[in-house]
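Take a look at the structure set out below.
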Amino acid sequence: MDFPSQDIEATQKKISQKEFIALMAALMSFAALAIDSMLPALNLIGESLGVVNPNDNQMVISFIFIGMGIGQLLFGPISDAIGRKPSMYIGIGTFFFGCIISYSATTFNLMLLGRLIQGLGAASAKIISTAMVRDRFSGNVMAKTMSLIMIIFVLVPALAPTLGQLILSFGGWRDIFLFMIFLAIINFAWFSTRQEETLIEEYRRPLSFSKIKEATLETVKHPATVCYTLAAGLIFGAFIGYLNSSQQILQLKYGLGDKFPIAFGVLALAIGLSSFLNSKLVEEMGMRKLCETALTVLTIVAIIFNIIVYFTNGNPSFYLFYGFLLLCLFNFGLLFGNFSALALEPMGHIAGTANSVISSVQILISALIGSTIGQLYNETVTPIAIGFLVCSMLSLFIVKKVK
C-alpha cells in the first residue's frame, strides 16, 4: 500500500532517520539475541533442569523458532488493524513475559514454554519493524534503509554468543535472561517515547478473518510462491540444524571451549558478507539465477564433504569442517533474502498477509527439519553433513521446477 509522503512525514516529528534505523535494527535484533546468546549456556541449562539426553538441550533453540513461526502469522494482520505501536507494545510485552518464565523456570518444560512465548513476541519485532519501514519509505529509499538496518542487524548474531559467554563468566545462565529483560525494557521505553505511529487511521484495515483466509489460500495456491517458500524452508532448516548442533560440535567435540563464540561469530559474519555482496550481484545475475548458482555450489560442496565424512568415520579435522561451514553459510547469505523476495513477488496486491504466511510456513518447516537434524547428533558431524546435502539437493530440485 502506498501512502502520501506528507501524511507519513507528519507523524515523524520526534525521530530522525538515523535514529529510526537504529531503533528498527534494535527491535529486529530481539530474535537473534534470544537465540544466539543462549548457545554457550545450553549444557548448563540442561544440567540445571535435569535434562538426561544432551541433544534435548537443543530444544531451547528450536522452540523459539516455533514461536516465531506462529507469531509472524498473527502480527501482520493485527498491526494492519490496530496500528504499529499498539501491536509492538503487545509483542515486546509478550517477549518480556517469555523471558520472565524462562528466567524462573524450575523444569525443562517450563523453560520451553518460556522460549515459545519469547518467539511469539520476537516475531512482532521483525514483522512490525519491516512494516514501519514500508509505511515511511518506498522504492530505492526503502531498499537503502533496509540495507542499513540489516548491516547493523548482522552484527548481533556475530556478537551474541560472546555476550552470552561474558555473562556466564560473571554469573549463571539465568542472568542471560535478566539481560534480555533489561533490553526489552530499554527498547520499550525508546520505542514508546521516540517513535510515532506510522500507520495513520485512514489506512488501517479491519481485522477480517474471512479476508485473511482468502489471502492465505491465494498465497498457498500460487505455484511459484509455494516452491520458493518450500525451498527457503529447506535451506533455513539446514541452517537451524547447524544452530542446534553448533555448541555441541564446535565447543565440545572440537574442544573450542571459550573460543566457541569467536568461531561462531566469524561464521555469522560470512552470512553478513554474502548478504552485502548479494545486493551487488543480484543486479547483474537476477534473483533466480543467483539462487540456482548458490544452490548448485552448496550441493557440490556438500557432496564432496560427505565423501570426506564417510572416509573419516564422521570425524574430519576441525579445519575441514570449519571450511565446509564457511562455504555453506556464505551461500546461505545469498539465498535467504532472495527466496523471500521471489516467494512474495507474485503477491504484491496482498503483500502484508502473504509475507506473514510465507514467513510463518518457512520457519515452521525449517524448525521441524532443523530439530530433526539436531536430534540425530551422535558425536560425529555425519547428521549435519547429510542434512546440508539433502536440503540443498531438494531445494535445488524445487527451484529448477519453477517456470
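The values are calculated or read from the model by the stated rules, or taken from the named source; none is laboratory data. All values reported here derive from a predicted model rather than from experimental measurement. Cβ placement follows ideal geometry from the backbone for every residue including glycine, while neighbour counts extend to all protein chains displayed. Only protein heavy atoms, including side chains, enter the accessible area calculation; ligands, DNA and RNA are left aside. Shrake-Rupley method; radii C 1.70, N 1.55, O 1.52, S 1.80 Å.
Residues of region 188-241 that are open to solvent by 50 Å² or more (accessible area, probe 1.4 Å) and in a loop (DSSP other than H, G, I, E, B): E196, R204, R205, P206, L207, H222.
Of everything in region 300-312 that is within 27 Å of I262 (Cα to Cα) and in contact (Cβ under 8 Å) with a residue 40 or more places away in the chain, the residue that is most open to solvent (accessible area, probe 1.4 Å) is N306. In region 71-98, the residues that are at positive phi reach residues that are modelled with pLDDT of 90 or more with C-beta atoms within less than 7 angstrom, at least six apart or across chains, in these pairs: G83/E197.
Under 7 Å by Cβ, and 6 or more places apart or on different chains, what pairs join a residue from region 246-272 that is of a type outside the set (D, E) and modelled with pLDDT of 90 or more with one that is surrounded by fewer than 17 Cβ atoms within 10 Å (Cβ to Cβ) and in a loop (DSSP other than H, G, I, E, B)? Listed by first residue and then by second, the contacts come to K253/E379. Being polar (S, T, N, Q), under 24 Å from N57 (Cβ atoms), more than 15 Å from the chain's Cα centre (by Cα) and open to solvent by less than 30 Å² (accessible area, probe 1.4 Å) holds for only one residue in S169, S102, and it is S102. Pairs meeting the criteria (first residue in region 25-46 and closer than 18 Å to M68 by Cβ, second residue modelled with pLDDT of 90 or more and among the hydroxyl-bearing types (S, T, Y), beta carbons under 8 Å, at least 6 apart or on different chains) are L39/S246.
The set of residues from region 134-152 being part of a helix (DSSP H, G or I), open to solvent by 50 Å² or more (accessible area, probe 1.4 Å) and either among the hydrophobic types (A, V, I, L, M, F, W, C) or modelled with pLDDT under 70 (or both) comprises G139, N140, V141, A143, K144, S147, L148, M150, I151, I152. Within region 235-245, the only residue that satisfies the criterion of being among the hydrophobic types (A, V, I, L, M, F, W, C) and either under 19 Å from L320 (Cβ atoms) or without any contact (Cβ under 8 Å) to a residue 40 or more places away in the chain (or both) is A238. One residue stands out among those in region 86-123 that are out of contact with any Leu (no Cβ under 6 Å at 6 or more places or on another chain) and of a type in the set (F, W, Y): the one that is nearest to A31 (Cα to Cα), which is F95. One residue stands out among those in region 105-133 that are among the polar types (S, T, N, Q) and open to solvent by less than 10 Å² (accessible area, probe 1.4 Å): the one that is nearest to F63 (Cα to Cα), which is Q118. Total residues in region 74-125 satisfying the condition of being aliphatic (A, V, I, L, M) and over 27 Å from P206 (Cα atoms): the figure is 8.
Taken as a whole, region 68-84 holds no residue that is among the basic types (K, R) and open to solvent by 20 Å² or more (accessible area, probe 1.4 Å).
Number of residues in region 356-394 that are within 19 Å of Y228 (Cα to Cα) and either out of contact with any helix residue (DSSP H, G or I) (no Cβ under 6 Å at 6 or more places or on another chain) or without any contact (Cβ under 8 Å) to a residue 12 or more places away in the chain (or both) equals 2. Of all residue pairs spaced 6 or more apart or on separate chains, none has beta-carbon atoms under 6 Å together with a first member in region 222-234 that is without any contact (Cβ under 8 Å) to a residue 12 or more places away in the chain and farther than 13 Å from N338 by Cβ and a second member that is polar (S, T, N, Q) and open to solvent by less than 20 Å² (accessible area, probe 1.4 Å).
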